[in-house]
1. Efficiency by 1/(1 + (r/R0)^6): what FRET value for Leu188 and Leu22, r their Cβ-Cβ distance, R0 = 22 Å, to the nearest 0.05?
2. From the phi angles alone, apply the Karplus equation (6.51, -1.76, 1.60; θ = phi - 60°) to region 81-91 and give each ³J(HN,Hα) in whole Hz, x where the residue is Gly or Pro.
3. By Kyte-Doolittle mean hydropathy of at least 1.0 and Cα axial length of at least 30 Å, which whole DSSP H helices of the chain are selected?
4. Once label points are set 7 Å from the Cα along Cα→Cβ at both Leu174 and Asp82, what is their separation, rounded to one decimal in nm?
5. Rounded to the nearest 500, what is the chain's calculated 222 nm mean residue ellipticity when only DSSP H runs of at least 4 contribute -39500 (n - 2.57) each, over all residues?
6. What's the center-to-center distance, using Cα atoms, between region 132-188 and region 52-112 in Å?
7. Given the chain reduced to its alpha-carbon atoms as identical point scatterers, what log10 I(q)/I(0) does the Debye formula return at q = 0.11, 0.12, 0.13 Å⁻¹?
8. Over region 56-119, what percent of the accessible surface lies on carbon and sulfur atoms, probe 1.4 Å?
Amino acid sequence: GPAPGRDRSAGGRARMRWRLGLQTRVTAAFALGALGLALLLSLLTYTLSSTYLLRQREASALRQAFVNARFVQAGLRTTSPDVAELLGDLDTPATSESLVERHGERFASNPVEVGHDDLPAALRARVQSGTATRQRFRLGGSPRLAVGLPLPAVGVTYYEVFSLAELDRTLRVLTGSLAAGAAVTVLLGVA
């Protein structure tokens, strides 16, 4: 009597341990799968979103820089142009700054946050060689986009520097949101 009862009880515990082990393994596999899927979707969403937002910002900056460069070029074709006044008359967003180099003289819109020497050397070299160029760089920890345009008809190089700080903040918020979404997805998967 007592021995067979103990055997059934021990066998029941063994089956219970095996069953819990299987449930734990299935739950862990599901959680890892949910984590992998959440990370993949988050990475894909971030990559597509950041690429799209950056391209949109660069396209907008290029349009603005070309419009302003044409305005400066037209103004410099007049008799006795005042470069500083031309730069002051530009319709630029508060987050951008215009710079002009003419016959060794340098002019900038106000307030001056970025000087010619702050621009990347590679950008300045390409513009000086006659190639319109754009380049992202960091200045004082802040992301910027510089657009350089040669204006050979008036002997000027024109630069416009745009702050990308707002875009940077947006991407940081997106990263946090995606990380939170991935964490919630994994927790729901485990549950």
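The values are calculated or read from the model by the stated rules, or taken from the named source; none is laboratory data. Because the structure is a prediction, the values reported are computed rather than measured. Glycine gets a Cβ as well: all are built from the backbone with ideal geometry, and neighbour counts include every protein chain shown. All accessible areas refer to the heavy atoms of the entire protein, side chains included, with ligands and DNA or RNA removed. Shrake-Rupley method; radii C 1.70, N 1.55, O 1.52, S 1.80 Å.
1. My answer for the efficiency is 0.55.
2. Each residue of region 81-91 in turn: x, 9, 4, 4, 5, 4, 5, x, 7, 5, 8 Hz.
3. 165-190
4. The answer from the label model is 4.3 nm.
5. Rounded to the nearest 500, the figure is -22000 deg cm²/dmol.
6. Comparing the Cα centres of region 132-188 and region 52-112, I get a distance of 19 Å.
7. Taken in order of the listed q values, log10 I(q)/I(0) reads -0.65, -0.71, -0.77.
8. Carbon and sulfur together cover 47 percent of it.
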